[in-house]
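The structure appears below as structure tokens.
No value in this document is a laboratory result; all are computed from the given coordinates. Source: prediction; values computed, not measured. Neighbour counts are summed over all protein chains in view; Cβ atoms, including those assigned to glycine, are modelled from backbone coordinates with ideal geometry.
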Amino acid sequence: MNSGCDVPGLMTIEQAKRIIEDTVSPITDITLCDLDDAIDRVIARDMISPINVPAYDNSAMDGYALRYEDFLASNILTMIGKSVAGNKFNGVIKKGECVRIMTGAEIPRGADTVVMQENTEANADQITFNSASKGNAIRPAGDDIKQGAVVLRVGDRINAIDIGLLASLGFGRIPVYRKLTVAVFSTGDELLAVGESSRNDRIFDTNRPMLLAMLSKMGVDTIDMGIIEDDKVKIRAAFEYANEHADCVITSGGVSVGEADYTREILEEYGSVDFWKLAIKPGKPLAFGRLSASLFFGLPGNPVSSAVTFDQIAAPALAILAGCKPQAPVMLPATAASIFKKRSGRTDYQRAHYFINDNGQVSVETLGSQSSGVLSCFRKSNCYAVLENERGQVSIGETVNILPFSSIIS
């Protein structure tokens, strides 16, 4: 009996990802974006610091600035002024003198050391220093970022810390790649739109609202094309419209082998299919291809399969298309705290829960049904237990690779 991977046309997820990386070219359109709107945008040109950060030598603590050689000569010095952030001391420290200084304030000319106030005693303007270390508590100009340094590179996705970093350098507008536009529609006569009255012979369209929400978390623009009937003419018209208006077209359902599953058939007429069916569970009936002006993903109809394949296959492809640098997922080893049922032949992304056990080790346990139709299992899970193609059932105590949920899922 052949395993699933021996079925003609069924490839591994690793092969599929290599095809995507070889096929998908990043967009090249660049626009300027206000810093306030730059979160999750992708940097299109290297960002080079125009200034030093900090811009000047400054104090790392509240205390007194002095010349270390004066401390060696006498531990009592005369305070001649004060330096605070935004209002520096303008004079020059001379022999036997010191300046009161606050955290972040500019180091006065002549000073080479700061002594924290806890190591001093003040009597009017006479300051006694109990101890001092040459060069202590001075943050030199450019200690954080030097003028001319590359702070963000092409392909970096801007996060909240980056916003602060760019603000510290005075950047008000940022060169970024334009946002992707992704068109989404579901196919199937059995589907009801959210808000319609329920029927015993129909199911609500789960996948499209879920996929639109995931895409929103990725910061892309979306075109919601609704539910398309199982009608070849209407599905073809939907493809034509989406191809003209979007960078990527994502459909849900219609890529299996049923009589009314027209999506793959039309794709082969209108574009090209790079792969169809993967050795992955859940999510085997997954199509990836190209239309004349856009990419295409045909996701499975079952909601768990749709979520997993979007998260693991479509989302990384969209990141590359948006201009991001490809990044391999970071998996962690964990000890199985329960039995994981599996048959060899497909890479299995089981929804699971990882935790720190009483011995301080990372452990993972399976939670509930792994059926591709049971979406609620995600609510109790925080990771995938990634079980390799050739692996069978996992016993308690075995090592399992886990992939914590991305921000798209969680």
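Within the chain, what percent of beta bridges assigned by DSSP are antiparallel, to the nearest 5?
Details: 56 of 84 bridges.
Percent antiparallel among DSSP bridges in the chain is about 65.
What net charge do the residues around ASP46 carry, taking every other residue with its C-beta under 10 Å from that of ASP46, with Lys and Arg at +1 and Asp and Glu at -1?
Result for the neighbourhood of ASP46: +1.
What angle, in degrees between 0 and 90 and rounded to the nearest 10, separates the Cα long axis of helix 232-245 from the longest principal axis of the Cα atoms of the chain?
For helix 232-245, the angle is close to 20 degrees.
Cα centroid distance between region 184-244 and region 318-396, in Å?
The distance from the Cα centre of region 184-244 to that of region 318-396 comes to 28 Å.
Roughly what % of DSSP beta bridges within region 104-233 run antiparallel, to the nearest 5?
On the way: 4 of 12 bridges.
Antiparallel bridges make up about 35 percent of those DSSP assigns within region 104-233.
Using alpha-carbon pairs under 8 Å, 6+ residues apart, how would you state the relative contact order of region 151-224 in percent?
On the way: 49 pairs, mean separation 24.3, N = 74.
RCO, region 151-224: 33 percent.
Return the long-range amide H neighbours of ARG391 (sequence gap of 5 or more, or a different chain), with a cut-off of under 5 Å between placed amide H atoms.
GLY345
Amide H of ASP112: which non-local residues (sequence gap of 5 or more, or other chain) have their own amide H closer than 5 Å, using H built in the peptide plane?
Distant-sequence amide H within range of ASP112: LEU66, ARG67, TYR68.
Which of PHE355, ALA319, PHE129 sits closest to the plus end of the dipole of the chain, meaning its Cα is farthest towards the positive end, when Lys and Arg get +1 and Asp and Glu get -1 on the C-beta?
PHE129
About its Cα centre, how strong a charge dipole does the chain have in debye, to the nearest 20, once Lys and Arg get +1 and Asp and Glu get -1 at the Cβ?
640
So what's the angle, to the nearest 10 degrees on a 0 to 90 scale, between helix 13-23 and the longest Cα principal axis of the chain?
Between the helix axis and the principal axis of the chain, the angle is about 80 degrees.
If you keep only loop residues by DSSP, which chymotrypsin sites (Phe, Trp or Tyr not before Pro) in region 1-95 have at most 15 other Cβ atoms within 10 Å of their Cβ?
On the way: sites: TYR56, TYR64, TYR68, PHE71, PHE89; in loops: TYR56, PHE89.
The qualifying sites are TYR56.
Using a 10 angstrom cutoff on alpha carbons, build the Gaussian network for the chain and name the most mobile of GLY392, GLY104, GLY226.
Highest fluctuation of the listed residues: GLY104.
Restricting attention to region 360-396, which GluC sites (Glu not before Pro) occupy a DSSP loop and are surrounded by at most 16 other Cβ atoms within 10 Å?
Numbers: sites: GLU365, GLU388, GLU390; in loops: GLU388, GLU390.
Loop-located and lightly packed - GLU388, GLU390.
Looking at this model, which pairs from LYS179/LYS342; LYS232/LYS342; LYS234/LYS380; LYS232/LYS325; LYS94/LYS146 are more than 32 angstrom apart at the alpha-carbon?
Pairs exceeding the cut-off: LYS179/LYS342; LYS232/LYS342; LYS234/LYS380; LYS232/LYS325.
Please give the net charge around ILE408, taking every other residue with its beta carbon less than 10 angstrom from that of ILE408, where Lys and Arg add +1 and Asp and Glu add -1.
Details: positive: LYS217; negative: ASP311.
Charge balance in the 10 Å sphere: 0.
State the extension gain, in nm to one decimal, for the chain segment bounded by LYS217 and VAL92, taking 0.36 nm per residue of separation less the distance between their alpha-carbons. Walk me through the numbers on the way to the answer.
Working: separation 125, 0.36 × 125 = 45.00 nm, distance 5.44 nm.
The LYS217-VAL92 span can extend by a further 39.6 nm.
What are the ³J(HN,Hα) values, in whole Hz, obtained from phi via the Karplus relation 6.51 cos²θ - 1.76 cosθ + 1.60 with θ = phi - 60°, for each residue of region 129-139 in sequence order, with x given for Gly and Pro?
Each residue's phi maps through the Karplus curve to give 9, 6, 6, 7, 10, 4, x, 5, 6, 10, 9 Hz.
Near the amide H of ILE280, under 5 Å away, which other amide H atoms are found, from residues 5 or more places off or on another chain, if H is placed in the peptide plane?
THR347
Let me have the 222 nm mean residue ellipticity of the chain computed from DSSP H runs of 4+ only, each contributing -39500 (n - 2.57), with the sum over all residues rounded to the nearest 500.
Details: 9 runs with 77 residues, N = 410.
The helix contribution divided over the chain gives -5000 deg cm²/dmol.
Can you tally the net charge around VAL154? Count Lys and Arg as +1, Asp and Glu as -1, for every other residue whose Cβ sits under 13 Å from the Cβ of VAL154. Before the final figure, lay out each step's value.
Details: positive: ARG41, ARG45, ARG153, ARG157, LYS325; negative: ASP46, ASP156.
Result for the local shell: +3.
I want to check the label-to-label distance for LEU192 and ASP46. Put each point 7 Å from Cα in the C-beta direction and report it in nm to one decimal.
5.8
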